[in-house]
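So the structure is just underneath, and the comments pick up after that.
The values are calculated or read from the model by the stated rules, or taken from the named source; none is laboratory data. Keep in mind that this is a model prediction, so the values were computed, not measured. Methodologically, a virtual Cβ is constructed for each residue, glycine included, from the backbone with ideal geometry; neighbour enumeration extends over all protein chains shown.
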Amino acid sequence: MISCSSSILPETWNNSNQLMLSLIAPPENLSPEYFSSLLNQYGPVQQVKILNKSLMDFKVFVEMGNSEAAKLAKQFLDQLSSNFVKCSYYHEEKHIQPENTKNCQFETLGDQTQSSQKFKHQTSLNDNLKEDDEKPSSIKTLSISQKINKSSQQIQPTNTLSVNGIKGKELDAKKLYNIFSNFGNIDKILLIKLKNFAFVKYLKDDNAMFVFQNCQKLEFFDSMISITFVAEDSIDKLIDLDNLYEEQDYFIGCEESDRFNCNNKMILLPPSQVLHISNLKKVSSNAETMWDVFSEFGVVQAVKVLNTQFKFMCLVKMETLKQAIEVVALMHNEEIDNRNVQISFTKTKI
């Protein structure tokens, strides 16, 4: 068994019509039919086999009808830029042949997933799933003419998100908390730097939905992120695999870390270039100090002082949204003049 992800293939692979998909932390209800319905828009799907079905080693063999269909399918999967699915060309001397060339064969082997609970959620492939009532049988055959009813598939949000494409040497779970706690109280965060993604679990589903709708395609340190829903127990499944992360890459929320009073209505605001800086000392709450402090993270366009008799606050506008996000990540709850300041996004204009 050989696989290759390079665009420059050995000469004997030029007409390869076989692909191997590797998934990290997939949902439990993925089926061969799902992959067929996903890829048959690029050409006929001859064969789909789930070769292994475990949390960290979920492999799917796909045989397209021809090499051009395989090329188009691979281009589609590569464009997803997902940390959960990697697609490579596959080759072996003895090709796996379907039992009936008129049928599209689906087979599941080595199913090692065990759980008493099923989860409905959207996958990192950005498509919808229909949950199976039972585990797939060892071998299942489906006619090509048999249609998958996509209209019955519905998006099932959860309170847990995967933030994909995270890159940045300075990042850890606490800095991710500084950003994502702006959108709701956090239960847990797990950063997997090896795969450039993090799981963020909120206490409420609505908060996760807000992030899903308002934080897509943000410039985030050294990359651009995308966000998908994952199963609510995704962090729990990975937490024992401590070789995947370091201690500072795991964050557990508590009442002290909550930014929102659970008894009050939450007013959630999307990321913005204008930041609200609070809990300042009187001596620090001036334009000159704010300019000096935040110019280290980019270009400060404007500063507005909001002092009252007892509270000292400022608004700081950064040149770009990327710079503002980095300020929140790196400076929230850090000291300015020996006092830990609070930084949040705001819709207020300067």
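Numbers below:
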read-out: Qualifying residue in the stretch 169-189 (condition: closer than 25 Å to L23 by Cα and either at pLDDT below 90 or surrounded by fewer than 18 Cβ atoms within 10 Å (Cβ to Cβ) (or both)); value: yes
read-out: Filtered residues of the stretch 62-99 (kept if modelled with pLDDT of 85 or more and of a type in the set (G, A, S)); value: G65, S67, A69, A70, A73, S88
read-out: Residues (crowded, with 19+ Cβ neighbours inside 10 Å and either in a strand (DSSP E or B) or in contact with a strand residue (DSSP E or B) (Cβ under 7 Å, 6 or more places away or on another chain) (or both)) located in the stretch 60-74; value: V60, F61, V62, E63, M64, A70, A73, K74
read-out: The stretch 313-324 residues that are in the same structural domain as V299 (by TED's automatic domain parsing), paired with ones that are in a helix (DSSP H, G or I) (beta carbon under 6 Å, 6 or more apart); value: C314/M290; V316/M290; V316/F294; M318/A324; Q323/F297
read-out: Residue satisfying all of: in the stretch 298-320; touching a Leu at 6+ places or on another chain (Cβ under 7 Å) and not in a strand (DSSP E or B); nearest to K282 (Cα to Cα) among these; value: F312
read-out: Residues of the stretch 273-313 that turn out to be under 17 Å from E326 (Cα atoms) and among the charged types (D, E, K, R), as a count; value: 2
read-out: Unmet requirement for V211, which otherwise passes all of (1) assigned to a loop (DSSP other than H, G, I, E, B); (2) in contact (Cβ under 8 Å) with a residue 12 or more places away in the chain; (3) aliphatic (A, V, I, L, M); value: (1)
